[in-house]
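Values quoted throughout were computed directly from the atomic coordinates according to the rules given, and no laboratory measurement underlies them. None of the values given here were measured: they were computed from a predicted structure. Counting neighbours? That spans all protein chains shown, and the Cβs are built from the backbone with ideal geometry, glycine included.
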Amino acid sequence: MFQVRSDEPKYAFLWDKETKQKNRYGQAIELTPENSALRGKSLNINGDDGIGDNPHRYKQHGFYFNADNCIGCHACEAACSEKNDNPAHIAFRSVGFVEGGAYPDYQRINISMACNHCDDPVCLKGCPTRAYTKFAEYGAVLQDPDICFGCGYCTWVCPYNAPQLDPVEGQVSKCNMCVDRLEVGLKPACVSACLGNALDFGVVENVPEKRVECKTEIPGFPTTDITHPNIRFQQTRSTHREMTRTDSIPIKYHRDDSVGRFLPAVDEKTGTQKAWNWRKLLLSHESAHVLFTLLTQAVFGAFLIQVVGSILGLDMVQTIQQSSAFVPLLFIMLGLFGFGLFKLNMHLGKPHRFYRGFNNLRHSPISREIAGVSGFFACFSAYVLLMLFDRPLLNVIASALAILGVISGGVGVYYMYKIYRIKARPFWNHWQTGTAFFGNILSLGALLTGVVTLPALIAEGIQATALVQGLSVLALVGLIAEATGHFFHGRDMKKLGNEGAASWYVQTTQYGYPWIIRNVLIGLALVCSASLVPLAGEGAFTLMAWYVLAIVTIVACVISRSLFFVLVIPTTMPGAFFWKNKGFQEHAIDSGLAEMEQVGVMPEHHKKFKLDELLETIRTTSPKQVFDHVKDILTWKEVN
C-alpha cells in the first residue's frame, strides 16, 4: 500500500463526507450493492493484498478543475510523470490552453486534463486485447500495458487523448487515478501537487469547499455525450465570445448563446493557399493501414466475383476458371492479401502478440474484424490449395470453403468499416466511409481480376469481350459509389463546423493539390470504365485501356485512402505552444530537435535507430549477443 508520510499536508487528503445517489447522467454513484461479491477484494497494488479503508471505496470518483485558479505551472504534469516514472515523451496529464482577445484585453484559459474515468469508457469497448477494466473501486478505468499489443485503437476512440501510445515500448498506458493513494485516503499525485488549488478530486458531483460551480463543459472540452466523463469544471470569469487554440489544429471555439456553450468552428490558421505535401501524405504513420485496407478490399472483391459468379453461372467467371490464368490469379491474390496482413501486423507495437486481438469479440470491432479477416484468410488459403487438385470430393470441399470465405470476409470488411465510425473523429464518422470501402471492393476487385487474367486470355485466343464488359460494369458501379460518397461527404463536412469541417479545410489547403488530383483521377476512371462497356474488344487496345484504367484507379485509391488517414482531426483537448502540439512535433522531427529527449517528442523513425543499433551489433559481437539484442529490440519478453 502507499505509505502516508507523517508530515502529509491536510490538502492532500480526501475530503468527502456526504455524497449524492446519482450523477447528472442518471447513473448510480454507488457502483455496486453493499452485499455484492465484488466488495471486499484487494486491488493487489504492488503485490500488496491489503484492502483500503476508504468509506467511499465503491463510489464513482472524479476530478474537479477550477479554471479560474490554474496558472499553467505544469506542476500536475510533473507530479504525475514522476510518480508513474514516465519518459519525456509520455504524459498521462497535460496542460493546454485556449486564448481570446488582444492586448490589453487578452485572456487565456488553462485546462489540465488526464483520463476522466468515464461512465461509458469507449477505450474499454474498443480495445481488442481487453487491456482495460472499469473497477467498482472508485470507478477507476485501469489499463494493463502488459496485455496491450500496441494497436493504438483506444487512442483513436478516446475523445480526450487520455491513453498514450509509447512507440518505444510498443504499448499504451494511461492515468490510473492513483488508486494506491486513494486506498489510504490521499488524493491523486497531480491534485496534491497543484500550486493554485485548481485541481481537486473526490466523489463525483461533490462540489469542493469554496467552489460555486460544477459544470461539465469548458471552452476546448469535447462534448460529454460520447462517454459521460467524470470531470467537473468551474469557470466563473467571463470570456470572449471566441477562444482560439495555440496549437496547430485549425479549430477555435465560438460561444453560441442559443445553446449556452462554446462550439467548435474552423480556424483558417494557414490561409486558403493549396499545397502538395506528398511526403506527409504517402509516408504517414498509418501507411500500413492504407495498404492493408486497400489490399484486403481488392482481394475480397476479386474472390467475391469468382464465388458469386460461379454460383450464378456467369460466363465471364467460367471463362476465367477454365483458363490457364485462374491458378496464378489465386496465388497473386493470396500473396497480396498475405502482404497486407504482414504490414498491418508489423505495425503493432508488439507484433508477436497478434493473437491477443481475438480477446474482445464481445465489444471490440477490431477483434471482430480480426476474426473475420483471419477466417477469410484461412478459408481462402485452403481453397487455393484444394483448387490445385481436380478431385470431385475436394471440389465440393473447396466450394464450401469458398462460401465460408465470402461470409467471413464479409464480416471482416463490415467491421473494418465499423472501426472507423468513431464519434471522436467526425471526419470518419460518416456513411461515406462505407461507400468508399464498398466501392473499392467492386472496383479494385474487378481491376485485379482483369489485370491478371486478360493478357492470358488474349494470348490464348479466348473470347474476352464479355469478361471485359462485365468487369467494367463492376468497376463503374464501385467508382460511382465512391464518387457519390465523396460528394456528399464534402457537403456534410462543411456544414458541421466542428473537427470534421476542420479536416475538410486541411484537405482543400494543406493537401489541396493531391485532393484535386484524386478527384480528377476518379473522373477519368469513371469515363474510362464507362467507355469500356460498349467498346470492349479482343485486341491490344482493350488490354491497354484496361491497364490505363487500373493504374488511374489504383493511384486515385492510394491518394484517397492516404487522405482518409492523414486528414482526420480528433476531438482532442487543446495543446500548448510546444507540448501536445502536432505542428511543433513535426518541426522537432524535421529540424532534429526530437533527438533531444527533454523536448518530449519521439521521432517517427525511432525504429530506424534500432535497426542501426542492430547492424552495428551484428558487425561487432558474437551470434549469441546478436540474438539477445534482437530479442531486446522486438521486446520478446514473456509476460507473467
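From helices alone, the chain scores -15500 deg cm²/dmol at 222 nm; the rule is -39500 (n - 2.57) for each run of n ≥ 4 DSSP H residues, then divide by the residue total.
Taking 0.36 nm per residue of sequence separation and removing the Cα-Cα distance, the Asp85/Val477 pair yields an extension gain of 135.7 nm.
Which shape class applies to the chain: rounded if a/c is under 1.5, otherwise prolate when a/b exceeds b/c and oblate if not, where a ≥ b ≥ c are the square roots of the Cα gyration tensor eigenvalues? It is prolate, given that a/c is not under 1.5 and a/b is the larger ratio.
Close amide H contacts of Cys151 (hydrogens built in the peptide plane, cut-off under 5 Å, sequence separation of 5 or more or a different chain): Gly349. Computed over all pairs of different Cα atoms, the Kirkwood value for the hydrodynamic radius of region 1-232 is 18.4 Å.
What is the gain in length, in nm to one decimal, between Phe342 and Asp48 on full extension, counting 0.36 nm per residue of separation less the C-alpha to C-alpha distance? Stretched fully, the Phe342-Asp48 segment lengthens by 101.7 nm.
For the pair region 234-312 / region 25-68, the C-alpha centres are spaced 37 Å from each other.
At most 11 other Cβ atoms within 10 Å and a DSSP loop assignment: could you name the trypsin sites (Lys or Arg not before Pro) in region 235-321 that fit?
Values: sites: Arg237, Arg241, Arg245, Lys252, Arg255, Arg261, Lys269, Lys274, Arg279, Lys280; in loops: Arg237, Arg241, Lys269, Lys274.
Those that pass, being in a loop and sparsely packed, are Arg237.
Taken one residue at a time, the phi angles of region 34-43 give Karplus couplings (6.51, -1.76, 1.60, θ = phi - 60°) of 4, 9, 5, 5, 6, 7, x, 9, 7, 7 Hz. Gly and Pro are set to x.
What longest region of the chain stays clear of GluC sites (Glu not before Pro) that DSSP places outside H, G, I, E and B and that have at most 10 other Cβ atoms within 10 Å?
The reported range is 210-637.
Comparing Ala193, Asn46, Gly338 along the charge dipole axis of the chain, the residue lying farthest to the positive side is Gly338, per the Cβ-charge model. Overall, the anisotropy analysis places region 7-61 in the oblate class: the square-rooted eigenvalues a ≥ b ≥ c of its C-alpha gyration tensor yield a/c not less than 1.5, with a/b not exceeding b/c. Taken along the Cα-to-beta-carbon direction at a fixed 7 Å, the label points for His254 and Phe331 span 6.1 nm. Using only Cα atoms, locate the centre of region 431-480 and the centre of region 101-116, then give the distance between them in Å, rounded to an integer. Cα centres, region 431-480 to region 101-116: 54 Å. Across region 137-288, the mean sequence separation of Cα contacts (distance under 8 Å, 6 or more residues apart), normalised by length, yields a relative contact order of 12 percent. Amide H to amide H distances under 5 Å link Phe201 with Tyr64, where only residues 5 or more positions off or on other chains count and H is placed in the peptide plane.
Working note: Karplus 6.51/-1.76/1.60 with θ = phi - 60° gives region 310-325 the couplings 5, 5, 7, x, 5, 4, 5, 6, 5, 4, 5, 5, 8, 8, 6, 8 Hz, where Gly and Pro are set to x. The string of couplings for region 402-411 from the Karplus curve (6.51, -1.76, 1.60, θ = phi - 60°) is 4, 5, 4, x, 5, 5, 5, x, x, 4 Hz, one whole number per residue in order, with x for Gly and Pro. Under the convention that each Lys and Arg Cβ holds +1 and each Asp and Glu Cβ holds -1, the size of the dipole of the chain around its Cα centre is about 720 debye. Take every Cα pair under 8 Å whose residues are at least 6 apart in sequence, average their separation, divide by the length of the chain, and the relative contact order is 16 percent. Sorted from greatest to least, the principal axis extents spanned by the alpha carbons of region 280-402 come out as 44, 34, 23 Å. In this label model, Thr484 and Ser531 are separated by 2.4 nm, measuring between points 7 Å along each Cα→Cβ vector.
Quick check on region 278-567: what does the Kirkwood estimate of hydrodynamic radius come out to from the alpha carbon pairs, in Å?
In region 278-567 this quantity evaluates to 19.8 Å.
Remark: the Tyr11-Met544 segment gains 184.2 nm on full extension, using 0.36 nm per residue and subtracting the alpha carbon distance. In terms of its alpha-carbon gyration tensor, region 160-262 comes out oblate; a/c meets the 1.5 threshold, while b/c is at least as large as a/b. In this structure, the amide hydrogen of Phe13, modeled 1.01 Å from its nitrogen in the peptide plane, lies closer than 5 angstrom to those of Lys187, counting only residues at least 5 positions away or on a different chain.
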